[in-house]
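Worksheet: one structure, shown below.
The values are calculated or read from the model by the stated rules, or taken from the named source; none is laboratory data. Since we're looking at a predicted model, the values are computed, not measured. Note that each Cβ is placed from the backbone with ideal geometry, even for glycine, and that neighbours are counted across all protein chains shown.
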Ligand code: NOJ
């Protein structure tokens, strides 16, 4: 139990293209990230999770992997990755890497070999080729099948550049076992598993009544084979020494469900140690909805050795400051997030209170969601803007060059890390304090302070006012932290406090 550090860890998500650029080309890289390690140490995080940095054509931001065991030259080389892991360890920061097991890039040598070898070959058996497509839809829009010149079709739940692996073929799990060991042997503390609820498909590939993408159990999501599969990955993780830094190895699965109950199977004992639970992130600024999802989530992990870390943002969703309607709410939500029992994930830029950028020019957009929907869906580029580090105009210290891979907006000067560092009331300093002061342990009890108030006891009291009028606080000795101005015992709307 002792070295199950992830049970209460704060993990910072680095989206490498947009974190920090060290070589002046306008795209983030390991050299840039290394320079910013003191910033992460000051923030107080226990670990970082890197979104994919592997060799890739980058048609889905690197979630289209062409070589799982190498660093894309855009980000540096394996030696730069190793240097980051070593330097992070000196700050007691662990590193998690993103494993993408459902699909690879069509540029992956195995897929190229499958195209070359033709129908009926063992190479094609690595993927899901058929003579006829069924009616499944891509999550990014359009059909989930693409035809190749010899007439066969291959399945891709995402972009056509992301063919799905055939997990029913034992060669595929064998390949991924090597990938896991490759990174674990390099000293990573764990893995984030992309679309962890996919992988196995119904071998009959049946047409479905409603092909509209959803996250409920289906012939492609939440298949029963996953339980045994993740037990085998857990065994690999547990086979690594636990008594030296980074401690016991972990994994966090990206599991989406339409209902909480869809995630229940992943909490069976011996599964992978952490199951993302996106219901908190999906809930609106509404005390009743948040109460319900928090209660349901705590119930899922009660009595299980699998925990559900809390999260309010990532590289796939609208940033909290925009989604909740204001930066004040995002700050209050941060105090909720960091007061809940267990582990929390923070997506880069959340600690700066960055808003979503909604007015990117169409020509700058790269997300396949935008491209495949013909622009009908804006996609996720707006939450992936390169971080503002310093200065009053783009590129805000992100790069020593002049351009950034996505343009940064005007007016972000006050949001830069360096501007916020010197302001005691900044969102950055709120996050730093909250991470330092967050209560340990698993105790949790709801307090009832009114329908629009989210309040709970965790050794100290966390109160979030989600209503439209001020709320009277319960008696207290001290305000430990507040997300905005509080006068005596009245908590204004859209504000949170931690009380003792
Ligand atoms: C989930 C990742 O978070 C997302 O960014 C990606 O597009 C899909 N999986 C496909 O890999």
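Among the residues examined, residue 395 qualifies as within 21 Å of residue 22 (Cβ to Cβ) and either surrounded by fewer than 21 Cβ atoms within 10 Å (Cβ to Cβ) or more than 15 Å from the ligand (Cβ to nearest atom) (or both). So is residue 64 more than 16 Å from the ligand (Cβ to nearest atom) and surrounded by 23 or more Cβ atoms within 10 Å (Cβ to Cβ) or not? Taking the combined requirement at face value, the residue does not satisfy it. Looking across the stretch 407-419 at every residue that is over 24 Å from the mean Cα position of the chain (by Cα) and in a helix (DSSP H, G or I), the one that is surrounded by the fewest Cβ atoms within 10 Å (Cβ to Cβ) is identified as 414.
For the stretch 425-445, does any single residue satisfy the condition of being under 21 Å from residue 337 (Cα atoms) and in a strand (DSSP E or B)? Yes - at least one qualifying residue is present in the stretch 425-445. Taken over the stretch 126-153, residues that are part of a loop (DSSP other than H, G, I, E, B) and within 18 Å of residue 168 (Cα to Cα) amount to 1. Selection of the stretch 92-110 for residues being over 14 Å from residue 14 (Cβ atoms) and away from the ligand (no atom under 16 Å from the Cβ) yields 92, 109, 110.
Screening 472, 436 for residues that are touching a residue at least 60 places away in the same chain (Cβ under 8 Å), loosely packed, with under 15 Cβ neighbours inside 10 Å and over 21 Å from residue 283 (Cβ atoms) leaves exactly one candidate, 436.
Residues checked against (1) surrounded by fewer than 21 Cβ atoms within 10 Å (Cβ to Cβ); (2) modelled with pLDDT of 95 or more; (3) out of contact with any helix residue (DSSP H, G or I) (no Cβ under 9 Å at 6 or more places or on another chain):
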residue	(1), (2), (3)
6	no, yes, yes
14	no, yes, no
21	no, yes, no
26	yes, yes, yes
30	no, yes, no
35	yes, yes, yes
43	yes, yes, no
48	no, yes, no
53	no, yes, no
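Every listed requirement among (1) within 30 Å of residue 428 (Cα to Cα); (2) within 16 Å of the ligand (Cβ to nearest atom); (3) touching a residue at least 60 places away in the same chain (Cβ under 8 Å) is met by residue 45 save one, (2).
For the stretch 125-144, taking the residues that are crowded, with 22+ Cβ neighbours inside 10 Å, more than 13 Å from the ligand (Cβ to nearest atom) and farther than 16 Å from residue 218 by Cβ, the one that is farthest from the chain's Cα centre (by Cα) is identified as 129.
Filtering 492, 395 for residues that are in the same structural domain as residue 354 (by TED's automatic domain parsing) and at pLDDT 95 or above leaves a single hit, 395. Could you please let me know if residue 330 is at pLDDT 95 or above, over 16 Å from residue 428 (Cα atoms), in the same structural domain as residue 9 (by TED's automatic domain parsing) and crowded, with 24+ Cβ neighbours inside 10 Å? Taking the combined requirement at face value, the residue does not satisfy it.
Checked against the criterion of being in contact with a helix residue (DSSP H, G or I) (Cβ under 8 Å, 6 or more places away or on another chain) and in a helix (DSSP H, G or I), the candidates 266, 240 yield just one match: 266.
Criterion applied to 191, 180 was being within 30 Å of residue 240 (Cβ to Cβ) and assigned to a helix (DSSP H, G or I), and the one residue passing it is 180.
Of the residues 367, 425, 362, the single one that is over 28 Å from residue 470 (Cα atoms) and surrounded by fewer than 20 Cβ atoms within 10 Å (Cβ to Cβ) is 362.
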